[in-house]
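Please treat every number below as a calculation from the coordinates, not as lab data. Since we're looking at a predicted model, the values are computed, not measured. Cβ atoms come from the backbone with ideal geometry, glycine included; neighbour counts cover every protein chain shown.
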Amino acid sequence: MTAPLTSRFPYAKGSDGTRRLGYGADYNPEQWSREVWADDIRLMREAGVNVVSLAIFSWARLQPTADTWDFGWLDEIMDLLHAGGIGVDLATATASPPPWLTTAHPEILPVTARGETLWPGARQHWRPTSPVFREHALNLVRRLASRYADHPALVAWHVNNELGCHNVYDYSDDAACTFRAWLRRRYTTLDALNNAWGTAFWSQRYSDWEQLLPPRLAASHPNPTQQLDFKRFSSDALKDHLLAEREILRELSPDTPVTTNFMVMPGTKGMDYADWADEVDFVANDHYVTPGPQDRDELSFSANLSSGIAGHRPWFLMEHSTSAVNWQPVNPPKAPGELARDSLLHVAHGADAVCFFQWRQSAAGAEKYHSAMVPHAGADSELFRSVVELGRTLDALAPIAGSEREPARVAILFDWDSWWAGEQDSHPTSRLDYHREALDWYSALLRLGHRADVVPAHRTDLSAYDVVIAPVLHVVPQPLAKELTRYVECGGHLVTTYFSAIVDENDHVWLGGYPGALRDVLGIRIEEFGPLLDGDTVDLDNGTSGSLWTDRISVTGTDVEVLAGYRTGTYASRPAVTRRGTGRGSATYVSTRLGADGLTVLLPELLAPAGVTSELPEHARGLVEHVVRRDAEHRYLFLVNRSDEQVALPGLTGDVLVAPRTEGDGLVLAPRQVAVLRQSAS
Ligand code: GAL
């Protein structure tokens, strides 16, 4: 079931009092003089900015020494922003502890698995479990909350910043101590812990809680369940910090919603955001494009998953980039049109605010080559003109504020436990990439012109979907196995893959043949895995080819069809893709990595029994992404040209909110252009 999530979204209001989509950026005025501040407010108004995130890295400025405070500059800028009609998402400023604190208390610094200290000089150099850090941080939060709770510019509180971006895994003594307490709560007895961790193996049995440690650098592979629990604990330790700050904000500033910016992206797997989502008043996400062949698929995937995490309620895009970033090996700028298209793709997937890192490009510091809304070149630039143009577009989209994403018929399940456990060491292959497998399925759906929801495995009412795809769902505890089985028995179409349903929540293998937790519903049994060496591929008899993994499948159930078999490789002439029919439902197993190309070939056969068809004309499939938002009266159709070609979309009806060229009763999307149509919901 989708868990209840309070959504107190901080909408800006237009002059007529109606809701507006949020538009703005991280704003770091402490890097600039007061003359620049005045210019900033003028340019923000020109661009249509209505919200900024303030004070994210201001701790050293707000508290220059342990006993001195300086709020004057923040008072001034809050007043200026308010006078300019711009709301403030005020950060608690705890993300980067100041030098006086780390000098006086080096025991707050994080420690790596190898025992190295992460020294100050960058940012986020604090242990999530340090009581000393916690005390100083909460003191700062208390001061800020008391001072600004009633400030008219305040629209939201922003806890810390990207919790866990650099400090998710800390192996310090503080972490060890808090990990022990976490383990005691989880297992109650040492016997239960020893059983869960399988400590009969390699003489690891614990006889005292004090013997337990984080999985520090060891002589060989640390205990897998210890590793998995440490990942769960590390996500919880950061969540605990979020809750500690939030409690103070709720006490002193109860009328203002609290959020923190998540990082739903492939590279940031340490935080289980599906588990954090209920703790914030509205979900906020940061997203940066990693250039590559699937980059816009990944943007759509992450935006889609953000919506899934938010229970399909509107969420806040807290950061993305207007153009280049500074932290990849090579940082190309965005092509013309991409700034708007990327922003609107997030909006299509439910973002009711579009913000950037950052407002004005820094002249100094590690991020001086990171793009911003006002670039080094100044306001007389193509980039700033695009920023102003996007402000107008978002204003035209005001009617969609508060609408929710319309559910698709197909879901892709995403699961942090499977991401963490599936990619651990000492496995059949170290090459497994959980996120990439899930993304490949999504890419194939996009190419075929299908809408799909990317949803957290444990927060989703599966019965809402005709087809549920669960790629590499490695960890399947018994309740989930029952839910998936019931889904199929009730007429759902389940698709799963290699290395799914292999272990329970303790990372213990379901015995009797793989994939133990779903063997019966799939009607197959696997005695041995067949991972492939780098570069090796196998051909399937449906014309596709597999890599990474194969399975030696025996069909054990009735009503199992072999949809594709291996033509080459160790398992030549054996099944590669199977489907068990169960009356109205079905359960499909794909035993190799087909990649987006192979899945594009296979998917039509998997979707056909559910009667799922594309809503796009054939020529537009793959070129255009189609997403729908809706409210009680309207459906809002987003048509996003993903390609560098012009695409004609004939036969569309509705009011055009964001206007491409029209032709008769159709639209013509220029390369990278987005159209938004409003239709009646009835
Ligand atoms: C985020 C961070 C920002 C800025 C940005 C650059 O991770 O929250 O402060 O560093 O990345 O892309």
- Query: Packing-wise, with mean Cβ within 10 Å as the measure, how do 442-450, 307-315, 232-240 rank, highest first?
  - Reply: 307-315, 442-450, 232-240
- Query: When only C-alpha pairs under 8 Å and at least 6 residues apart count, what is the relative contact order of region 453-612, in percent?
  - Reply: 22 percent
- Note on the structure: Given a Förster distance of 35 Å, the FRET efficiency implied by the Cβ-Cβ spacing of A122 and A377, rounded to the nearest 0.05, works out to 0.80
- Antiparallel content of DSSP bridges confined to region 334-476, in %, to 5: 0 percent
- Message: Please give the charge dipole size of region 340-437, origin at the Cα centre, charges +1 on K and R Cβ atoms and -1 on D and E Cβ atoms. Round to the nearest 20 debye.
- Response: 340 debye
- Message: Cut-off 12 Å, label point 7 angstrom out along Cα-to-Cβ of E46: give me the residues of region 360-392 whose amide nitrogen falls inside.
- Response: 374-375, 378-389
- Task: Quote the charge dipole size of the chain about the Cα centre in Debye, to the nearest 20; the model charges only the Cβ of Lys and Arg (+1) and of Asp and Glu (-1).
- Result: 460 debye
- Assertion target for D191, D16, D39, ordered by fewest C-beta neighbours within 10 angstrom first, is D16, D191, D39
- Message: Contact order normalised by length for region 387-545, with contacts defined as Cα pairs under 8 Å and 6 or more residues apart; what percent is it?
- Response: 20 percent
- Note on the structure: Full extension between L217 and S33 adds, at 0.36 nm per residue less the Cα distance, a length in nm of 61.5 nm
- Determine the relative contact order of region 531-634: mean sequence separation of Cα pairs under 8 Å and six or more apart, normalised by residue count, in whole percent. 21 percent
- Message: Tell me the Rg and the Dmax, in Å, that the Cα atoms of the chain produce.
- Response: 25.8, 78
- Item | Net dipole in debye of region 594-665 [+1 Lys, Arg Cβ; -1 Asp, Glu Cβ; about Cα centre; nearest 20] | 160 debye
- Calculated FRET efficiency for the pair S463/W100, C-beta based, R₀ 60 Å, to 0.05: 0.60
- How many angstrom separate the Cα center of region 106-126 from the Cα center of region 604-672? 49 Å
- Message: Only counting other Cβ atoms within 10 Å, I'd like W32, W276, W202 sorted with the fewest neighbours first.
- Response: W202, W32, W276
- Task: Counting helices only, and only those DSSP H runs with n ≥ 4, report the 222 nm mean residue ellipticity of the chain as the sum of -39,500 (n - 2.57) divided by its residues, in deg cm²/dmol to the nearest 500.
- Result: -9000 deg cm²/dmol
- Links that overshoot a 32 Å alpha carbon limit, given the list K231/K334; K239/K482; K13/K269; K239/K334: K231/K334; K13/K269; K239/K334
- Which order do the peptides 375-381, 643-649 take when ranked by the mean count of other beta-carbon atoms within 10 Å per residue, highest first? 643-649, 375-381
- One would report the antiparallel percent of DSSP beta bridges in the chain, rounded to the nearest 5, as 55 percent
- Note on the structure: Taking the dipole of region 565-672 about the Cα centre (Lys, Arg +1; Asp, Glu -1; charges at Cβ), the one of L669, V577, T600 that reaches farthest to the positive side is V577
- What translational diffusion coefficient, in µm²/s and rounded to a whole number, does the Stokes-Einstein relation yield for region 274-387 at 10 °C and a viscosity of 1.306 mPa s, taking the hydrodynamic radius as the Kirkwood radius over Cα pairs? 108 µm²/s
- Separation between Cα centres of region 7-59 and region 436-510, rounded to whole Å: 40 Å
- Which distance in nm do the two modelled labels at Q679 and Y206 give, with both placed 7 Å along the Cα-to-Cβ direction? 5.7 nm
